Amino acid sequence: MDTTGDLHEAERGFAEAAARLGRWIADYLAGSERYPVLSRARPGQVRRSLPSAPPQDPEPFEAVFADFERAILPGITHWNHPAFFAYFAITGSAPGVLGEMLSAALNVNGMLWRTSPAATELEQVTLDWLRQMLGLPQQFGVIMDTASVATLCAVAAAREALDLGIRTRGMAGRDLPRLRLYTSEQAHSSVEKAAIVLGLGQEGCRKIPTDGEYRMRADALEDAVREDLRAGWRPVCVVATVGTTSTTSVDPVDEVADVCERYGLWLHVDAAYGGAAAILPEMRWVLRGCERADSFLVNPHKWLFTPIDCTAFYTRRPEVLRRAFSLVPEYLRTPEDEVVNYMDYGVQLGRRFRALKLWMVIRMFGVRGLQEAIRRHLDLAREFAEWVDASPDFQRMAPVPFSTVCFRYSPPGTPEEELDRRNAGLLEAVNASGEAYLSHTVLRGRYTLRLAVGNLRTQRRHVARCWELLQSHARKRGPREEVPWES
């Protein structure tokens, strides 16, 4: 029966538009490097190129897509570019894109088992596959959007585990001890944000010093806990990191777990970036001690080629996590007692069908395919680090446990106070080329460049070209010239 007459005008011609879009996406994924990796748009450019008011009448797909190419695309920084080295990559692989398309078409809300049984049960299966790939013990898993939200949920569960009645009575106006969480001075800012959101405050987030390789010092952690107990603080939890944002350092989770067990603290491990490397047998060491954590997260959207967003969160204490968040009004009660309703284990009621894209990525790459890609990235980063180490004009600033290299331009005879300005200029010159995109951090007070390899399509030639750009721009001016340099 012909039902096209029942469709709204905006939905007609979907098959043709989808085919057109599919061809464009395939071409884009195969040739994203033809675009400048860092958008050259100026502030306000995209907004000024679009009408200030919405259209009153329907517009055809071709007109909308033409505006996408004309106005939107120039304002895109291409995270799918093989020379995107600025931050941990978030490759949108073909299987993941297909999974996103199916998820959008089905458009289910997986808040309850009943609202789409397949969404819940595929999430359970896929998370168990990933758990096995990482070598973690059997535990409860749930997919969240990002590591920031997962860390927030972990700290909330840690607070709930204290049985202080905060869920019911709140924190204001009560005779509660001041609560404290602990994390490395190299930890992601989301830990401190969790403290802000949950009422611990920035003062409630104590940052622990690191060693010469930027790893949390377990002895300093224990000293801090003891000091806080004497001062009347109530320690809540510790957040350890496997692959810190600036340097990708790996905290000594086993030693940290010892401290947590001695003082009854919740241990959360943020392995958003580095955890994925553990699918390689030779990299399994990075998760040593993580089996002792109360909660753990890893981001498939960082290094397992799953389109953003997709964070896998695991916990050995799901009953505490549920106690922290479960709130079931009458209209959400269902008769199935034996099922998991994922809405009970986090902030959001509405839940996208994220498991579908991760399932398709694991199926279509296979474990060996994912391992090969990550192993290639590790090799490329180590080779880049060797080039840095061999150069008299560049200096490596941190170990390279994964696929990120921290380094800086440091020509002999250049005053220390001038090096920051010169490296900032070098960064801007390379990024302005459109051929590569790097980022920076500050380590021990020194401006440091970062190259993070992680895109599925990155080849040796992309890393080699970035090294050529760095050397070329470094030679353009003498050691005492002003910056920024011309590109």
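The values are calculated or read from the model by the stated rules, or taken from the named source; none is laboratory data. As the structure is a computational prediction, the values presented were derived from the model and not from experiment. FYI the Cβ positions are ideal-geometry reconstructions off the backbone, even for glycines, and counts take in every protein chain you see.
Considering the conditions (1) closer than 23 Å to Ala277 by Cα; (2) surrounded by fewer than 19 Cβ atoms within 10 Å (Cβ to Cβ); (3) not polar (S, T, N, Q), Arg215 is excluded by exactly one of them, (2). Just one of the numbered conditions (1) free of Cβ contacts under 8 Å to residues at least 24 places away in the same chain; (2) part of a helix (DSSP H, G or I); (3) not aliphatic (A, V, I, L, M) is not true of Asp57: (2).
Do you know which residues across region 322-368 are in contact with an Asp or Glu (Cβ under 6 Å, 6 or more places away or on another chain) and more than 23 Å from Asp294 (Cα to Cα)? Result: Lys357, single match. Residues that are modelled with pLDDT of 95 or more and either of a type in the set (Gly, Ala, Ser) or crowded, with 21+ Cβ neighbours inside 10 Å (or both) occur in region 323-333; there is at least one.
For region 282-303, filtered to residues that are under 22 Å from Leu358 (Cβ atoms) and among the basic types (Lys, Arg), the residue that is surrounded by the fewest Cβ atoms within 10 Å (Cβ to Cβ) is Arg284. When residues in region 417-464 are screened for being among the hydroxyl-bearing types (Ser, Thr, Tyr) and over 28 Å from Asp211 (Cβ atoms), 3 of them pass. Scanning region 163-184 for residues that are within 30 Å of the chain's Cα centre (by Cα) and among the polar types (S, T, N, Q), which turns out surrounded by the most Cβ atoms within 10 Å (Cβ to Cβ)? Looking at the filtered set, the residue picked out is Thr183.
Can you tell me which residue within region 73-89, out of those that are in contact with a helix residue (DSSP H, G or I) (Cβ under 6 Å, 6 or more places away or on another chain) and within 16 Å of Leu380 (Cβ to Cβ), is surrounded by the most Cβ atoms within 10 Å (Cβ to Cβ)?
Of all residues in region 73-89, those in contact with a helix residue (DSSP H, G or I) (Cβ under 6 Å, 6 or more places away or on another chain) come to 75, 78, 80-83, 88.
From the residues that got through so far, the ones that are within 16 Å of Leu380 (Cβ to Cβ) too are 81-83, 88.
Numbers: His81: 25, Pro82: 21, Ala83: 29, Phe88: 22.
It comes out as Ala83.
Is one or more of the residues making up region 395-413 in contact with a strand residue (DSSP E or B) (Cβ under 9 Å, 6 or more places away or on another chain), in a helix (DSSP H, G or I) and either of a type outside the set (Phe, Trp, Tyr) or assigned by TED's automatic domain parsing to the domain that holds Glu468 (or both)? No, region 395-413 contains no residue that is in contact with a strand residue (DSSP E or B) (Cβ under 9 Å, 6 or more places away or on another chain), in a helix (DSSP H, G or I) and either of a type outside the set (Phe, Trp, Tyr) or assigned by TED's automatic domain parsing to the domain that holds Glu468 (or both). Applying a threshold of 7 Å to beta carbon distances and a minimum spacing of six or more residues, or different chains, the list of pairs starting in region 340-363 at a residue that is on the phi > 0 side of the Ramachandran plot and ending at one that is at pLDDT 95 or above and among the polar types (S, T, N, Q) is empty. Flag set for Asp309, criterion: in the same structural domain as Gln186 (by TED's automatic domain parsing), touching a residue at least 24 places away in the same chain (Cβ under 8 Å) and not in a helix (DSSP H, G or I). Taking the conditions (1) within 26 Å of the chain's Cα centre (by Cα); (2) more than 29 Å from Glu428 (Cα to Cα) in turn, Trp113 satisfies each one other than (1).
Of the candidates Leu456, Leu449, Leu419, the single residue that is part of a helix (DSSP H, G or I) and not assigned by TED's automatic domain parsing to the domain that holds Gly243 is Leu419.
From the list Arg446, Arg450, Arg457, pick out the single residue that is over 21 Å from the mean Cα position of the chain (by Cα) and either buried (at least 20 other Cβ atoms within 10 Å of the Cβ) or touching a residue at least 24 places away in the same chain (Cβ under 8 Å) (or both). Break it down into steps so the answer makes sense when it comes.
Values: Arg450 fails: over 21 Å from the mean Cα position of the chain (by Cα); Arg457 fails: over 21 Å from the mean Cα position of the chain (by Cα).
The match here is Arg446.
Set side by side, the residues Arg12, Arg23, Arg70, Arg40 differ, and just one is closer than 30 Å to Pro300 by Cβ and of a type in the set (Lys, Arg), which is Arg23. Residues in region 128-162 that are more than 13 Å from Arg316 (Cα to Cα), of a type in the set (Gly, Ala, Ser), touching an Asp or Glu at 6+ places or on another chain (Cβ under 9 Å) and crowded, with 20+ Cβ neighbours inside 10 Å: Ala147, Ala150. Contact annotation: residue pairs with Cβ atoms under 9 Å, 6 or more positions apart or on different chains, pairing a residue in region 104-116 that is in a loop (DSSP other than H, G, I, E, B) with a partner that is among the acidic types (Asp, Glu) and modelled with pLDDT under 95, are Leu112/Glu336; Trp113/Glu336; Arg114/Glu336.
Selection over region 364-390 of residues that are touching a residue at least 40 places away in the same chain (Cβ under 8 Å) and either crowded, with 20+ Cβ neighbours inside 10 Å or not basic (Lys, Arg) (or both) gives a count of 14.
So, in region 404-423, of the ones that are modelled with pLDDT of 95 or more and of a type in the set (S, T, N, Q), which residue ends up nearest to the chain's Cα centre (by Cα)? Among those residues, the one meeting the criterion is Thr404.
Determine whether region 43-54 contains at least one residue that is aliphatic (A, V, I, L, M), free of Cβ contacts under 8 Å to residues at least 60 places away in the same chain, surrounded by 10 or more Cβ atoms within 10 Å (Cβ to Cβ) and in a helix (DSSP H, G or I). Please lay out each step first, then the result.
So in region 43-54, the residues aliphatic (A, V, I, L, M) come out as 46, 50, 53.
Going one step further and asking which of them are free of Cβ contacts under 8 Å to residues at least 60 places away in the same chain, we end up with 46, 50, 53.
Those still in the list that are surrounded by 10 or more Cβ atoms within 10 Å (Cβ to Cβ) too: 46, 50.
Next cut, in a helix (DSSP H, G or I) only: 46.
Yes, region 43-54 contains a residue that is aliphatic (A, V, I, L, M), free of Cβ contacts under 8 Å to residues at least 60 places away in the same chain, surrounded by 10 or more Cβ atoms within 10 Å (Cβ to Cβ) and in a helix (DSSP H, G or I).
Return the residue satisfying two criteria in turn: it lies in region 229-258 and is more than 22 Å from Gly275 (Cα to Cα) and more than 25 Å from the chain's Cα centre (by Cα), and of such residues it is surrounded by the most Cβ atoms within 10 Å (Cβ to Cβ). Of everything passing the filter in region 229-258, Pro235 is surrounded by the most Cβ atoms within 10 Å (Cβ to Cβ).
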